[in-house]
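Asker: Structure in structure tokens, see below.
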Amino acid sequence: MEERLAFIRLYVKRLKENPDEVFKQQVKLVNSFLESAKNFPLSKEEYLRMKGELRD
């Protein structure tokens, strides 16, 4: 989740540095990332276990 949020923050920073006209499609993509992050179906523990970074 932290990796996803870091990517989104970096992308938003780049979007802010350029006019919306240049990145119109990217704005839609970032918005969909943010919406997806809000509705992420796994808990932090489930996500880390799936990635193999958390042991039982």
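FYI, it's all coordinate maths here, none of it is from the lab. In this text the structure is predicted, and so the values were computed from the model without any measurement. Heads up, the Cβs are rebuilt from the backbone with ideal geometry, glycines too, and the neighbour counts pull from every protein chain shown.
Asker: Using the 10 angstrom Cβ neighbour count as an exposure proxy, how do VAL30, VAL12, VAL22 rank, fewest first?
Answerer: Taking fewest neighbouring Cβ atoms as first place, the list is VAL22, VAL12, VAL30.
Asker: Can you compute the modelled spin-label distance between LEU42 and ARG55, with each label point 7 Å from Cα toward Cβ, in nm?
Answerer: So the label points at LEU42 and ARG55 sit 1.9 nm apart.
Asker: Additional query: What value, in deg cm²/dmol to 500, does the helix sum -39500 (n - 2.57) over DSSP H runs of n ≥ 4 give at 222 nm once divided by the residues of the chain?
Answerer: Value at 222 nm, helices only: -21500 deg cm²/dmol.
Asker: Can you give me the distance in nm between label points at VAL27 and ILE8, each placed 7 Å from the Cα along the Cα-to-Cβ direction?
Answerer: 1.8 nm
Asker: A follow-up question, please. For volume of the Cα convex hull per residue in Å³, one of [x] 72; [y] 81; [z] 62 was computed from the structure I shared and the rest are decoys. Which label?
Answerer: Checking each listed value against the structure points to [x].
Asker: How tilted is helix 2-16 with respect to the longest principal axis of the chain? Cα atoms for both, answer in degrees (0 to 90, nearest 10).
Answerer: The two axes meet at around 0 degrees.
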